[in-house]
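Engineer: Encoded as structure tokens, here's the structure I'll be asking about.
Values in this text are rule-based calculations from the coordinates and carry no lab data. These numbers were taken from a predicted model, which means no experiment stands behind them. Reconstructed Cβ throughout: ideal geometry from the backbone, glycine too, with neighbour counts over all protein chains shown.
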């Protein structure tokens, strides 16, 4: 993208200096990337209704600017049809560099990993992903990395509007030609502030529920294994989030096995997945899900993917439907 004419026009309006050297420095420090995903979806629900449609599943636009070796900023826009209107997804700045830096702004805090070969989001993400306005310190030391963060969450204990949520994670990773791994441990002081749980809590929710998680991503040659488990450490108040007559203690897991290879000089991946939850009926999540998916690079930065998933609801004795559904998704994604 040619930014010099744009910068010159903005300079005329007086927003930035028209100095050529400033313009050159600005253009070399800004990068723009994005993603467009379009899907054909064939879905069932537990009432036995079949639906199908073409969907603009996700549009991402990310602008990153490095203005100094110790200062950079990122702005990300997102649109998801029937899910998220066009909005600012992330907006944060980072001060410092490896091995220690500070990130402040709107971001997804590092509780959970959510790696997946699939088109659909893993149930771990549906339960635990949390976008917050936070301050986060990140560190690296050899094979070890991690972060600690604080934020003012949506949930408020004793109606106190203050920064009293926090979390931390630590990881161990190695990347080599034949084998790579990423092992992580995660903690957050309130699972109730995750995007999936907050939506079903009453407005007067006050008690915080700690949660932990762990994941391992392992690649050995052409074979990849993703495994993740997340759980609340205590039960919610039965009057605020219940399951089967008790306070819910939500949990979720995901296990995937993938195999990558080339066909006609194109990268391809096939994968199998097993996902599940406990005490997550209120969030609209299934009890178990089985998946198979395949993806193929059809052009540079252009991928065709197919997914079939079979989901099983909670039992009727647990207030579920005890029914099963099958869903098919065909997706074309272009990244730039």
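Engineer: Figure the gain on full extension for residue 292 and residue 210 (residue separation times 0.36 nm, minus the Cα-Cα span) and round it to one decimal in nm.
Structural biologist: Using 0.36 nm per residue and subtracting the Cα-Cα distance, I get 26.3 nm.
Engineer: Okay, next question. What whole number of Å gives the distance from the Cα centroid of segment 314-334 to the Cα centroid of segment 131-164?
Structural biologist: Going from one Cα centre to the other spans 33 Å.
Engineer: Using per-residue counts of other Cβ atoms within 10 Å, averaged over each peptide, order 230-243, 103-116 from highest down.
Structural biologist: 103-116, 230-243
Engineer: Please give the contour-minus-distance gain from residue 62 to residue 33: 0.36 nm per residue of separation, less the Cα-Cα distance, rounded to one decimal in nm.
Structural biologist: 9.9 nm
Engineer: Mind checking the alpha-carbon convex hull of the chain and giving the volume per residue in Å³?
Structural biologist: 167
Engineer: Out of 127, 100, 225, any idea which swings most in a Gaussian network model of the chain, alpha carbons joined below 10 Å?
Structural biologist: In this elastic network of the chain, the residue with the biggest mean-square fluctuation among 127, 100, 225 is 100.
Engineer: Now for a different question. Using the Cα gyration tensor of segment 96-168, with a ≥ b ≥ c the square roots of its eigenvalues, what is the shape: rounded (a/c below 1.5), prolate (a/b larger than b/c) or oblate (neither)? Could the numbers behind the result be given before it?
Structural biologist: On the way: a/c = 2.42, a/b = 1.07, b/c = 2.27.
Cα axes put segment 96-168 in the oblate bin.
Engineer: Which one, 189, 311, 33, has the greatest fluctuation when you compute a Gaussian network model over the chain with C-alpha springs under 10 angstrom?
Structural biologist: So, out of 189, 311, 33, the one fluctuating most is 33.
Engineer: Sticking with this one: Just the C-alpha atoms of segment 153-243: what Rg/Rh do they give, with Rh taken as the Kirkwood radius?
Structural biologist: 1.13
Engineer: Moving to a separate point now. Report the extension gain between residue 40 and residue 257 in nm, rounded to one decimal, defined as 0.36 nm multiplied by the number of residues separating them, less their alpha carbon distance. Can you show the working numbers first?
Structural biologist: Values: separation 217, 0.36 × 217 = 78.12 nm, distance 2.44 nm.
That pair, residue 40 and residue 257, stretches by 75.7 nm at full extension.
Engineer: Using a Förster distance of 51 Å, how high is the FRET efficiency between residue 51 and residue 183, based on the Cβ-Cβ distance and rounded to 0.05?
Structural biologist: Details: r = 40 Å, r/R0 = 0.78.
Plugging the Cβ-Cβ distance into 1/(1 + (r/R0)^6) gives 0.80.
Engineer: Quick check on the exposure proxy: order 226, 290 from fewest to most C-beta atoms within 10 angstrom.
Structural biologist: Fewest to most other Cβ atoms nearby, the residues stand as 290, 226.
Engineer: Using just the Cα positions, wrap segment 198-306 in a convex hull and report its mean projected area in square nanometres, one decimal place.
Structural biologist: So the mean shadow area of the Cα hull is 8.9 nm².
Engineer: Residues in segment 210-230 near a label at residue 267, defined as backbone nitrogen under 16 Å from the 7 Å Cα→Cβ point?
Structural biologist: 219-225
Engineer: Pop the C-beta distance of residue 299 and residue 319 into the FRET formula with R0 = 51 Å and round what comes out to the nearest 0.05.
Structural biologist: Using R0 = 51 Å, I get an efficiency of 0.60.
Engineer: Still on this structure, I have one more. Label points 7 Å out from Cα along the Cβ direction at residue 97 and residue 158: separation in nm?
Structural biologist: 4.4
Engineer: With a 10 Å cut-off between alpha carbons and a GNM built on the chain, which of 323, 249, 315 moves the most?
Structural biologist: 315
Engineer: Test of understanding: ordering 195, 322, 190, 57 by Cβ neighbours within 10 Å, fewest first, what list do you get? Could the numbers behind the result be given before it?
Structural biologist: Working: 195 16, 322 13, 190 25, 57 21.
By the 10 Å Cβ count, ascending, the order reads 322, 195, 57, 190.
Engineer: Sticking with this one: Let's test the formula: R0 of 35 Å, r as the Cβ-Cβ distance of residue 200 and residue 336. What FRET efficiency results, to the nearest 0.05?
Structural biologist: The value I calculate is 0.45.
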